[in-house]
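Trainee: Just passing along the structure, written as structure tokens.
The values are calculated or read from the model by the stated rules, or taken from the named source; none is laboratory data. Because the structure is predicted, anything quoted here is derived from the model rather than measured. Positions of Cβ are backbone-derived with ideal geometry, glycine not excepted, and every protein chain shown enters the neighbour counts. Quick note on the areas: whole protein, heavy atoms, side chains included, nothing else; ligands and nucleic acids left out. Shrake-Rupley method; radii C 1.70, N 1.55, O 1.52, S 1.80 Å.
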Amino acid sequence: NVAYMAYFWGLLPSTGPSGRYNAAIGWIHCLCAAGVTVLWTWSNHLRQTAPAPARQVQLAQCFFSGWILAFGIALTVVDQWVGSNTTNYVMISLFVGMLALLRPLVALALYAAAYALLHQALAWTQADPSMLAMARSHSFSGTVMSLAASIVMWRQFSMATVLRRQLTQSNAALEKKQQELSYLATHDALTGLRNRRAFLLEAEHELSRAQRYPCETEIGRASCR
């Protein structure tokens, strides 16, 4: 955003036929940067809160995604002054769909609202009916593709999360079984006392130690001289 602000405000002309367009693009990037800064501060605060409130996390996710979509809508509406380009909205919508990890119903509501807003706003700056129809058509296709990408990414994320949880539970169960087997290998299951194998293992350990450090030894006690 800062780079675009410097480019459109500092390097391009501010007067003439393109002056209004350059100034508007610069202001859109300025507002986007301000909003992202506020939302990033909020998100960072939630990230450092343990545990973070689930409802606030979901709200932050929706506000962040909605703000970025609004940014794409604003760029596309202003672009109608110089053509019928909708690339900004399509690319930003795909960006949100692939990275935001929105729940399908939330994504559906968000994209439906975004397209409805863009559908109406395009008429504010696009006077040519054929160009307007083409821009609306391309925007609709981009919205559908972005929604599909969002659903696919959410599905993959959900499957990965479930598999990770199952793996964690399986590892915990396996570790518990290993501890039980290790205990049963050296203890009697009925009385809980050490069995013959445990006695032999400890005897071998004491004899090895006695060979290294000459001293009197017995199981459970050693008296080195």
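Trainee: Would you call A52 on the phi < 0 side of the Ramachandran plot, surrounded by 14 or more Cβ atoms within 10 Å (Cβ to Cβ) and touching a Phe, Trp or Tyr at 6+ places or on another chain (Cβ under 9 Å)?
Mentor: no
Trainee: Turning to a different aspect of this structure: Give me the pairs: first residue in the stretch 118-130 and within 13 Å of V77 (Cβ to Cβ), second residue of a type in the set (S, T, N, Q), beta-carbon distance under 7 Å, and six or more apart or on different chains, which are they?
Mentor: Pairs that qualify, where the first residue is within 13 Å of V77 (Cβ to Cβ) and the partner is of a type in the set (S, T, N, Q), are L118/T76; L118/S139; L122/Q80; T125/Q80; Q126/Q80; Q126/S84.
Trainee: Pairs needed: first member in the stretch 133-158, in contact (Cβ under 8 Å) with a residue 60 or more places away in the chain; second member anywhere, surrounded by 14 or more Cβ atoms within 10 Å (Cβ to Cβ) and part of a helix (DSSP H, G or I); C-beta distance under 6 Å; at least 6 residues apart or different chains.
Mentor: S139/Y89; S139/L118
Trainee: If you go through the stretch 161-179 one residue at a time, do you hit one that is open to solvent by less than 80 Å² (accessible area, probe 1.4 Å), among the polar types (S, T, N, Q), in contact with a helix residue (DSSP H, G or I) (Cβ under 8 Å, 6 or more places away or on another chain) and farther than 30 Å from G97 by Cβ?
Mentor: no
Trainee: Could you identify the single residue in V78, V82, V57, V90 that is within 20 Å of S158 (Cα to Cα), of a type in the set (V, I, T) and either open to solvent by 20 Å² or more (accessible area, probe 1.4 Å) or assigned to a helix (DSSP H, G or I) (or both)?
Mentor: Among V78, V82, V57, V90, only V57 is within 20 Å of S158 (Cα to Cα), of a type in the set (V, I, T) and either open to solvent by 20 Å² or more (accessible area, probe 1.4 Å) or assigned to a helix (DSSP H, G or I) (or both).
Trainee: Could you check the stretch 65-87 and list, in sequence order, the residues that are under 17 Å from Y111 (Cα atoms) and either modelled with pLDDT under 95 or hydroxyl-bearing (S, T, Y) (or both)?
Mentor: S65, T76, T86, T87
Trainee: Since A113 meets every condition but one in (1) open to solvent by 70 Å² or more (accessible area, probe 1.4 Å); (2) closer than 22 Å to C32 by Cα; (3) modelled with pLDDT of 95 or more, which condition does it not meet?
Mentor: (1)
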